[in-house]
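Let me begin by presenting the structure, written as structure tokens, before commenting on it.
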Amino acid sequence: MSKNLVIVESPAKAKTIKKYLGADYEVLASYGHVRDLVPKDGAVDTERGFEMKYQLIEKNEKHVRAIISALKHSDILYLATDPDREGEAISWHLVEHLREKGVLKDKPVRRVVFHEITKSAVSEAIANPRAVASDLVNAQQARRALDYLVGFNLSPLLWRKVAPKLSAGRVQSPALRLICEREEEIKAFVAREYWTLEARAQKDTQSFSARLVEYDGAKVEQFTLTDTGGANQARERILQAAQGELRVSAVDKKQRRRCPSPPFTTSTLQQEANRKLGFTSSRTMRAAQQLYEGVDIGGETVGLITYMRTDSVSLANEAVNEIRHVIGEQFGAKGLPEAPRVYKAKSKNAQEAHEAVRPTSAARLPRQMAKVLPPDQARLYELIWKRAVACQMVPAVFDTVAVELRASAAHAFRANGSILVDPGFLAAYNIKAEDPGDRDKDEEDEDDKRLPPMAEGDLVRLLDLIADQHFTEPPPRYTEAGLVKTLEEYDIGRPSTYASIISTLQAREYVRLEGKTFIPTDVGMIVNRFLTDHFTRYVDYAFTANLEGELDEISRGEREWVPVLEQFWGEFRTLIERGKDIKPPTWEERPIGTDPASGKPVIVRMGKFGPLAQIGAKDDPDKPRFASLRANQRIDTITLEQALELFRLPRKLGVLPGGEEVETNIGRFGPYVRHGKNFVSLKKDDDPFTIELPRAIELIEQKAAALVAATIKEFPGPGIRIIKGRFGAYITDGDRRANIPKTRDPASLSALDCEFFLNEAALKAKPAKGKAAKTKAGKSSAAPDKKAAKKAAKTKPAARKATKGDAGKTPDA
């Protein structure tokens with residue numbers, strides 16, 4: 001066995017690093033986090049100095065066992081997890097677990113950090129190890145404790161006061177507030193009419209346009225002309241005054257220089273990838289992770305970009321030197337400034353001494369990498385390469401001209417023109433001088449147009465005067481790029497968490513993405529209203545940002561973590577206690593008309609499991625009819641016609657050859673078809689209102705084939721199957737379901753064994769008679785799962801403060 005054991009987070013990263021380090025090093029992956037808080041009340045003990053009770057993450061247990069086995073035959077443990085707070089915490093958790101198991105003994109533990117996966121960077125890190133940084137660990141522990149205290153206490157309150165299965169989060173909820181407040185602004189917006197006048201003019205043979213800027217001697221504002229009559233009157237007066245000509249009264253020529261943007265941070269990379277490539281934050285980070293961890297290029301595995309979770313805009317001197325060399329080769333000496341450009345982060349809370357996101361070698365050109373990379377990685381690499389190279393180039397230079405043209409002394413127009421004379425850094429984006437070309441959207445200008453040569457006193461021909469009607473528009477809904485930018489501006493969360501914040505909001509169905517913009521659902525609006533009404537401080541943008549600042553101070557060793565938690569918990573606990581007396585919100589009912597078939601009123605409202613339409617009143621002799629709203633429908637916008645369409649369900653589609661009737665409907669978990677007691681979910685493109693029997697039969701057969709393929713063993717008599725599931729084998733008889741203990745081989749079970757496990761699972765699912773069923777946040781629970789109980793019994797408090805030199809001896813020990 002190898003003398004040195006190196007731990008990284010992902011197997012792809014392990015494979016790349018193993019090639020660099022050679023036979024004396026064994027490189028294993030932890031597969032992300034190894035421990036997390038126990039999923040029950042008391043995981044953060046607020047009465048005992050915020051002790052945190054951890055347990056191994058089940059899916060990673062086998063990987064930890066592999067690490068323990070390898071460590072027994074190794075002399076030194078190297079912790080090479082990611083170079084940020086989360087990576088530091090993973091290293092600390094692993095060492096704490098190894099200590100508890102007694103396998104670490106006196107072996108040296110060395111923390112190594114690199115920001116790019118190249119042979120030189122990895123070798124340098126191994127040669128210069130350090131101890132685990134306790135300040136970073138404590139900051140991460142404080143963050144995890146805060147998230148737990150908010151989620152574990154506020155979410156159950158939402159279940160009781162609003163609806164089941166809702167959640168609140170320390171950062172998630174302020175982000176939801178942003179989206180909901182923008183929606184309220186849009187709903188409250190009242191459009192205003194205004195008019196503009198544009199002159200179509202001609203000098204020699206070249207036509208151009210100019211906008212009205214002065215009317216009757218006064219400056220034209222947005223609402224100077226507000227109706228058809230006023231606009232037409234102004235048009236006629238100006239035409240009368242001009243008599244077919246405009247006189248050039250002033251020409252202002254300037255040269256404008258535009259500097260390149262800094263290299264990418266995590267946030268700006270996510271924004272730009274969303275805007276230019278249409279990538280979501282999750283898709284961007286997934287492709288960036290793959291580029292960072294290593295790609296096989298001509299038989300050599302190499303990381304192509306630096307670490308992608310960073311707030312920094314700085315570049316290493318070696319990287320700048322190589323970029324400048326590439327600029328000279330690709331764009332000539334004229335593209336190089338005399339001295340390298342130096343960028344500094346605007347945020348005072350920029351974390352750790354990272355670099356910006358850049359190629360590990362600018363000499364690897366995008367067109368070369370496109371031949372060996374999958375499409376997403378190739379497009380993202382090109383985006384990163386262009387930004388990194390452009391940031392070290394000279395400014396772009398434009399000749400601009402502003403011309404004032406008059407129709408008598410009382411009325412004036414202005415025309416603007418711009419010509420790119422030296423592309424500078426724009427050459428990296430394939431933009432050339434005097435060629436609008438394939439210009440990046442952020443490099444465009446309204447005045448990027450040519451004007452004919454004009455001098456003061458010249459007369460130009462007035463071809464026409466166009467009056468255009470406009471209406472003011474509401475503020476736009478957030479795109480993913482816009483939301484990320486706003487979160488960063490408010491200091492809500494951190495760039496590395498933006499993707500998960502957005503994913504959580506969508507997974508909880510608080511927001512949905514329509515086109516490229518976020519729209520809050522009815523549930524999201526109600527949850528936000530409840531939180532802003534009763535927990536205003538904890539969805540306040542400034543409060544959230546200040547708390548992030550305190551976590552940053554902990555990471556820099558400027559503040560202790562437990563006092564931060566004490567202050568937060570003292571105030572938060574009081575609000576939670578008061579929250580128990582809050583009256584549940586009353587659902588607003590919206591009458592939308594009358595059902596023509598029954599004559600009964602039709603309303604839309606929020607139900608226990610989401611928004612619904614209702615025909616009839618609860619006190620009618622006949623029971624009201626209900627139908628869930630579809631995902632893209634909202635209580636405040638749905639029409640009577642759309643609501644009545646919902647009541648077409650369930651639809652009978654026909655009969656199977658075996659005689660079973662098939663129908664389609666929408667349930668709590670989405671649209672489905674049903675035959676007998678069996679349910680089959682519809683695919684994304686299937687519509688329950690239009691699906692027909694042949695397609696339903698196809699879906700039924702697909703599910704049956706998948707069930708057969710996943711069946712390990714079947715007992716036709718009692719109708720029991722043992723099935724290979726996504727998270728392990730389980731037993732089912734169609735109505736009941738039971739997991740199989742890890743100690744039992746699924747293939748060896750008998751029908752009697754299966755019946756026993758099914759009965760046992762059914763008993764556990766029922767609360768004891770006369771006792772309250774327990775919620776996650778409650779104090780009692782129905783028969784606890786044996787595995788969970790066993791795991792909890794093994795769990796030890798492990799949330800003491802990390803101390804200097806913790807997680808092993810220093811490199812010199």
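Looking at residue 355, is it modelled with pLDDT under 95, open to solvent by 10 Å² or more (accessible area, probe 1.4 Å) and of a type outside the set (Val, Ile, Thr)? Yes. Selection within the stretch 111-125: residues that are in contact with a Lys or Arg (Cβ under 8 Å, 6 or more places away or on another chain) and farther than 19 Å from residue 11 by Cβ. The member of this set that is surrounded by the fewest Cβ atoms within 10 Å (Cβ to Cβ) is 113. Would you mind stating whether residue 667 is farther than 26 Å from residue 517 by Cα, among the small types (Gly, Ala, Ser) and more than 36 Å from the chain's Cα centre (by Cα)? No, not satisfied. The residue of the stretch 294-324 that is surrounded by the most Cβ atoms within 10 Å (Cβ to Cβ), among those that are more than 24 Å from residue 345 (Cα to Cα) and out of contact with any Ser or Thr (no Cβ under 8 Å at 6 or more places or on another chain), is 297. Scanning for something in contact with a helix residue (DSSP H, G or I) (Cβ under 8 Å, 6 or more places away or on another chain), outside any strand (DSSP E or B) and without any contact (Cβ under 8 Å) to a residue 24 or more places away in the chain, does the stretch 665-682 turn up at least one residue? Yes; the residues of the stretch 665-682 include at least one that is in contact with a helix residue (DSSP H, G or I) (Cβ under 8 Å, 6 or more places away or on another chain), outside any strand (DSSP E or B) and without any contact (Cβ under 8 Å) to a residue 24 or more places away in the chain. Check whether at least one residue in the stretch 693-710 is touching a Pro at 6+ places or on another chain (Cβ under 8 Å) and crowded, with 17+ Cβ neighbours inside 10 Å, and report yes or no. Checked the stretch 693-710: no residue is touching a Pro at 6+ places or on another chain (Cβ under 8 Å) and crowded, with 17+ Cβ neighbours inside 10 Å.
For the stretch 86-105, the count of residues that are among the acidic types (Asp, Glu), under 24 Å from residue 560 (Cα atoms) and open to solvent by less than 20 Å² (accessible area, probe 1.4 Å) is nonzero. Of the residues making up the stretch 501-516, those that are in a helix (DSSP H, G or I), surrounded by fewer than 19 Cβ atoms within 10 Å (Cβ to Cβ) and touching a residue at least 40 places away in the same chain (Cβ under 8 Å) are 503, 504. You will find that of 697, 691, the residue that is modelled with pLDDT of 90 or more and over 23 Å from residue 632 (Cα atoms) is 697 and no other. Number of residues in the stretch 518-538 that are acidic (Asp, Glu) and either in contact with a Leu (Cβ under 8 Å, 6 or more places away or on another chain) or not in a helix (DSSP H, G or I) (or both) equals 1.
Note on the stretch 724-769: residues that are basic (Lys, Arg) and either touching a Pro at 6+ places or on another chain (Cβ under 9 Å) or open to solvent by less than 60 Å² (accessible area, probe 1.4 Å) (or both) total 2. How many residues does the stretch 467-482 contain that are modelled with pLDDT of 95 or more, not charged (D, E, K, R) and not in a loop (DSSP other than H, G, I, E, B)? Looking only at that region, the number is 4. The condition of being within 26 Å of the chain's Cα centre (by Cα) and modelled with pLDDT of 90 or more holds for only one of 100, 96, 88, that being 88. A Cβ distance below 9 Å, combined with a sequence gap of six or more or placement on separate chains, defines the contacts here; from the stretch 698-726, residues that are on the phi > 0 side of the Ramachandran plot reach residues that are surrounded by 14 or more Cβ atoms within 10 Å (Cβ to Cβ) and of a type outside the set (Lys, Arg) in the pairs 719/733.
The one condition from (1) outside any helix (DSSP H, G or I); (2) within 25 Å of residue 268 (Cβ to Cβ); (3) in contact with a Phe, Trp or Tyr (Cβ under 8 Å, 6 or more places away or on another chain); (4) open to solvent by 10 Å² or more (accessible area, probe 1.4 Å) that residue 492 does not meet is (4).
Let's see how each residue does on (1) open to solvent by 40 Å² or more (accessible area, probe 1.4 Å); (2) over 30 Å from residue 316 (Cβ atoms):
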{"residue": "195", "(1), (2)": "no, yes"}
{"residue": "227", "(1), (2)": "yes, yes"}
{"residue": "231", "(1), (2)": "no, yes"}
{"residue": "247", "(1), (2)": "yes, yes"}
{"residue": "267", "(1), (2)": "no, no"}
{"residue": "276", "(1), (2)": "yes, no"}
{"residue": "286", "(1), (2)": "yes, no"}
{"residue": "292", "(1), (2)": "no, no"}
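For residue 120, the conditions (1) modelled with pLDDT under 90; (2) not in a helix (DSSP H, G or I) all hold with the exception of (2).
The rows are residues; the columns are (1) assigned to a helix (DSSP H, G or I); (2) at pLDDT below 95; (3) closer than 30 Å to residue 506 by Cα; (4) not charged (D, E, K, R).
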{"site": "173", "(1), (2), (3), (4)": "yes, yes, yes, yes"}
{"site": "182", "(1), (2), (3), (4)": "yes, no, yes, no"}
{"site": "190", "(1), (2), (3), (4)": "no, no, yes, yes"}
{"site": "197", "(1), (2), (3), (4)": "no, no, no, yes"}
{"site": "210", "(1), (2), (3), (4)": "no, no, no, yes"}
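Here the stretch 539-550 is the region considered, the condition is being in contact with a Leu (Cβ under 9 Å, 6 or more places away or on another chain) and open to solvent by less than 20 Å² (accessible area, probe 1.4 Å), and the residue that is nearest to residue 154 (Cα to Cα) is 539.
Scanning the stretch 45-77 for residues that are more than 32 Å from the chain's Cα centre (by Cα), open to solvent by 10 Å² or more (accessible area, probe 1.4 Å) and hydroxyl-bearing (Ser, Thr, Tyr) yields one hit, 69. Counted as qualifying within the stretch 9-113 are the helices (runs of 4 or more DSSP H) with 2 or more residues that are among the acidic types (Asp, Glu), namely 85-101. Within the stretch 151-195, the set of residues being β-branched (Val, Ile, Thr) and within 17 Å of residue 487 (Cα to Cα) comprises 171, 179. Residues in the stretch 25-44 that are open to solvent by 30 Å² or more (accessible area, probe 1.4 Å), at pLDDT 90 or above and not aromatic (Phe, Trp, Tyr): 26, 28, 33, 36. The numbered conditions (1) surrounded by fewer than 17 Cβ atoms within 10 Å (Cβ to Cβ); (2) on the phi > 0 side of the Ramachandran plot; (3) touching a residue at least 12 places away in the same chain (Cβ under 8 Å) are all true for residue 19 except (2).
Which count do you get for residues in the stretch 688-697 that are free of Cβ contacts under 8 Å to residues at least 12 places away in the same chain and either in a helix (DSSP H, G or I) or under 14 Å from residue 678 (Cβ atoms) (or both)?
Number of matching residues: 2.
Scanning the stretch 579-635 for residues that are among the charged types (D, E, K, R), surrounded by 11 or more Cβ atoms within 10 Å (Cβ to Cβ) and either under 38 Å from the mean Cα position of the chain (by Cα) or closer than 28 Å to residue 672 by Cα (or both) turns up 588, 589, 590, 595, 605, 625, 630, 634. Contact map, the stretch 250-269: first residue within 24 Å of residue 343 (Cβ to Cβ) and free of Cβ contacts under 8 Å to residues at least 60 places away in the same chain, second residue open to solvent by 40 Å² or more (accessible area, probe 1.4 Å) and among the acidic types (Asp, Glu), Cβ cut-off under 9 Å, separation 6 or more or different chains; pairs are 268/488. Check the stretch 590-611 and report whether any residue there is modelled with pLDDT under 90 and part of a helix (DSSP H, G or I). No, there is no match, as no residue in the stretch 590-611 is modelled with pLDDT under 90 and part of a helix (DSSP H, G or I).
The values are calculated or read from the model by the stated rules, or taken from the named source; none is laboratory data. What you see is a predicted model; the values in this text were computed from it and never measured. Glycine also receives a Cβ, built like all others from the backbone with ideal geometry; neighbour counts cover every protein chain displayed. Accessible surface areas use protein heavy atoms only, side chains included; no ligands, DNA or RNA. Shrake-Rupley method; radii C 1.70, N 1.55, O 1.52, S 1.80 Å.
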